[in-house]
Amino acid sequence: MHFRFATAALTLLAAFPLAAGAQDAAAVAPESYKVMLDNERVRVFETTFKKGASVAMHSHPDHVVYVLAGGTLEFTLADGSKHSKTAQSGQTFFIPAEAHSLKNVGKSVVKLVSTELKEVAPDGGLSAAERAEVLGLLERGQRELEDLVAGTPEDLWAKKPAPGRWSVAEIVEHLGAAEPFLFGLLQQTLSAPVDADWARVEGALASDKFVGMLQDRSQKFQAPEPIQPKGGLTRAEALARFAGARSVTTEFVRRTSDPIKKHVAALPFGKMTGHQLLTMIGGHNLRHNAQIREALEVLRQN
């Protein structure tokens, strides 16, 4: 049962293109990122990007960049958006935590000194603002879901909008099954030893960007078999199953004093902290709320 649980939870998480799992810059491109200093507070790189050189997706916490030799770099962010930055020798920039890939699109070799700041909530616990943010995300998702279920006519509740697509009933059943699986993965993660790389993983992606990515339904994914809807639940039963699982998650967020950021899940696509897993739970709910709206829109047009 433990293996079945872990496989289903990891499969569900692997379905999303999460930049939080982006790898460390030094591991992705050791030829470009030379570590000059690494201690508990900072990591300093000397970085060199030759003309036309590309670096695959990787992440940085908040960092400061000093330009030794200027040029133009093109950045592709986790959401697919691109922007170019032209810098002159002697300039200094502060760059918030993000994941990106990059390419030297200029006519010269670019050399930088990059200083990553490691201290992200030193105790590893949720700050008051972060706790409020996660609770708000969970409460918003549940409130939206309850309103959507209440507004679904009886004749549309179990009707599929198209062959191979879930009905509203099936979506709600899936949410009730997925929530305890994801929360169980969080509990497994918290039982593991602290990860020395937790600050980089936590700093790789802001929560608002992460939630936005999770809600992006331009790509569709197949849920793992154990948490696919099986049918047979009434409207009240499906909603009650979800509400019961959500109450466990919410109560944990309200009460926990664990250093949840310091515990990191090693997933097929990369790593996620306990904080990011909680954000994932809330974002997954919002993603399927959007799916319900899509289904009802189609059904009401037919």
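Annotations
- For the residues E116, E98, E74, the requirement of being out of contact with any Leu (no Cβ under 7 Å at 6 or more places or on another chain) and surrounded by 16 or more Cβ atoms within 10 Å (Cβ to Cβ) singles out E116.
- Test: residue in the range 175-185 that is closer than 30 Å to S101 by Cα and within 20 Å of the chain's Cα centre (by Cα): yes
- Some residue of the range 193-202 being over 19 Å from H63 (Cβ atoms), among the aliphatic types (A, V, I, L, M) and surrounded by fewer than 17 Cβ atoms within 10 Å (Cβ to Cβ): yes
- Filter pass, K103 being crowded, with 16+ Cβ neighbours inside 10 Å, more than 30 Å from K262 (Cβ to Cβ) and at pLDDT 85 or above: yes
- Checking each residue of the range 263-285 against the condition of being polar (S, T, N, Q) and touching a strand residue (DSSP E or B) at 6+ places or on another chain (Cβ under 8 Å) gives at least one match.
- Screening V172 with (1) surrounded by 20 or more Cβ atoms within 10 Å (Cβ to Cβ); (2) modelled with pLDDT under 90; (3) not assigned by TED's automatic domain parsing to the domain that holds S32 gives one miss only, at (2).
- Hey, G125 in the same structural domain as A290 (by TED's automatic domain parsing) and either small (G, A, S) or modelled with pLDDT of 95 or more (or both) or not: yes
- Every listed requirement among (1) of a type outside the set (S, T, Y); (2) under 20 Å from D208 (Cα atoms); (3) not in a helix (DSSP H, G or I) is met by A266 save one, (2).
Listed here are the residues, each with its yes/no results for (1) outside the structural domain of P161 (by TED's automatic domain parsing); (2) closer than 16 Å to H174 by Cβ; (3) modelled with pLDDT under 90; (4) loosely packed, with under 14 Cβ neighbours inside 10 Å.
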{"residue": "F242", "(1), (2), (3), (4)": "no, yes, no, no"}
{"residue": "L267", "(1), (2), (3), (4)": "no, no, yes, no"}
{"residue": "T279", "(1), (2), (3), (4)": "no, no, no, no"}
{"residue": "Q291", "(1), (2), (3), (4)": "no, yes, no, no"}
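- Residue count, the range 5-49 (criterion: in a loop (DSSP other than H, G, I, E, B) and either at pLDDT 95 or above or more than 26 Å from the chain's Cα centre (by Cα) (or both)): 3
- Members of the range 191-236 that are touching a strand residue (DSSP E or B) at 6+ places or on another chain (Cβ under 9 Å), at pLDDT 85 or above and assigned to a loop (DSSP other than H, G, I, E, B): A192, V194, D195, D197
- Qualifying residue in the range 50-60 (condition: modelled with pLDDT under 90, in the same structural domain as Q228 (by TED's automatic domain parsing) and of a type in the set (S, T, Y)): no
- Number of the condition not met by P224 [criteria: (1) touching a Gly at 6+ places or on another chain (Cβ under 9 Å); (2) more than 21 Å from Q23 (Cβ to Cβ)]: (1)
- Number of residues in the range 50-59 that are outside any strand (DSSP E or B) and of a type in the set (A, V, I, L, M, F, W, C): the value is 1.
- For the range 122-132, the count of residues that are crowded, with 19+ Cβ neighbours inside 10 Å and assigned to a loop (DSSP other than H, G, I, E, B) is nonzero.
- From the options R254, R246, residue that is touching a residue at least 12 places away in the same chain (Cβ under 8 Å), charged (D, E, K, R), buried (at least 19 other Cβ atoms within 10 Å of the Cβ) and in a helix (DSSP H, G or I): R246
The values are calculated or read from the model by the stated rules, or taken from the named source; none is laboratory data. All figures in this text were calculated on a predicted structure; none of them were measured in a lab. Cβ sites come from the backbone with ideal geometry, for glycine too, and all protein chains shown count toward neighbours.
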